[in-house]
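Down below is the structure, laid out as C-alpha cells.
The values are calculated or read from the model by the stated rules, or taken from the named source; none is laboratory data. Please read these numbers as outputs of a predicted model, since none were measured by experiment. Cβ sites come from the backbone with ideal geometry, for glycine too, and all protein chains shown count toward neighbours.
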Amino acid sequence: MHILVIEDQQKLAENIRQFLELEHYAVSVSHDGKEGFERAMTEAVDLLILDINLPGMDGFTLCAQLRQHGKHMPILMLTARTKQQEIVHGLNIGADDYLQKPFDMEELLARTRALLRRGTTEKQPRLQAGAVVLDTNSQQVWKDDRPVALSPKEYALLEFLLRNKDVVQDRPTILAHVWGSRDDLMFSQTVDVHVSYLRRKIGKDIIRTVPGKGYLIASS
C-alpha cells in the first residue's frame, strides 16, 4: 500500500518513512505543500499523512482542495496544535483522523492500519483466500495453518490483492500501490516475478492471471 507523507520537518518525515517501510508499506515523502498536493493529485495514494504547517500550501488548504477535486484517499493529519476548533476544522474539511505531535510510532501505525482498512473492499485485519490467511496486525501469513515466510514486497503484494478481491489489478496499478512507482520501464518484470515467487509459496490457484489485463484474487 502506497503512503504519501507531507511533512516539512525532514527528520520526522524520514523517521516516519523508515518506520512504515519496515512495516512493508511503500512510502513517498514531500516537504512542501504545493509539491505534495501535485503528487497527491497525480499518484496512486492509499493514505495521506499530512502536516498542517507546511511551506507553499498549508495542510488545511491542501486537504480541502483534494476533497474538492474528488480525491477520497484517507487523510491522517499531524498537528502540533491543541486548539479543539482547529482539530474540528480539519475533520470538517475532509481529514479522516488526526494525531497530535509528539506521537508514538506505534500509535501512528495503528491509525495507519485502521485508515487503510477503510479505503479497501476488505475491512478486517485478518484476510483470507482459500487456505491462505494474512494477519495485517502481526504481519504473518499462513497456509493450511503453517507459517509462510514472505519477503516485504511479496507480503505487500499479497495484502494489496487480498484487500481488493474480485478486482483485476493491472501491472501499473500494482506498481503504484505496492512499489509507489509507475515506472513501467524500470519495473517491467517486477510484478510478474513477485507473483511467480508468491505462487511458489502459497499455491498457484490463489492468484489468477487475467490475460491481457493483470492479476486477481477471487473471493471464491
* To do: Pick out the one residue from 116, 99 that is in contact with a Ser or Thr (Cβ under 8 Å, 6 or more places away or on another chain) and either hydrophobic (A, V, I, L, M, F, W, C) or closer than 15 Å to residue 30 by Cβ (or both).
  => 99
* Structure fact -> All conditions in (1) modelled with pLDDT of 90 or more; (2) surrounded by fewer than 19 Cβ atoms within 10 Å (Cβ to Cβ) are true of residue 118 except (1)
* **Qualifying positions in region 1-59 - among the basic types (Lys, Arg) and without any contact (Cβ under 8 Å) to a residue 12 or more places away in the chain** => 11
* Select from region 60-89 the residues that are of a type in the set (Gly, Ala, Ser) and at pLDDT 85 or above and list them in ascending order. => 64, 70
* Asked: Quick one: in region 166-178, which of the residues that are out of contact with any Lys or Arg (no Cβ under 7 Å at 6 or more places or on another chain) and farther than 15 Å from residue 198 by Cβ is surrounded by the fewest Cβ atoms within 10 Å (Cβ to Cβ)?
  -> 166
* To do: Name the residue, out of 13, 44, that is in a helix (DSSP H, G or I) and hydrophobic (A, V, I, L, M, F, W, C).
  => 13
* With respect to residue 107, determine if the residue is out of contact with any strand residue (DSSP E or B) (no Cβ under 6 Å at 6 or more places or on another chain), loosely packed, with under 15 Cβ neighbours inside 10 Å, without any contact (Cβ under 8 Å) to a residue 24 or more places away in the chain and among the charged types (D, E, K, R). => yes
* Asked: Only one of (1) crowded, with 19+ Cβ neighbours inside 10 Å; (2) not in a loop (DSSP other than H, G, I, E, B) fails for residue 150. Which number is that?
  -> (2)
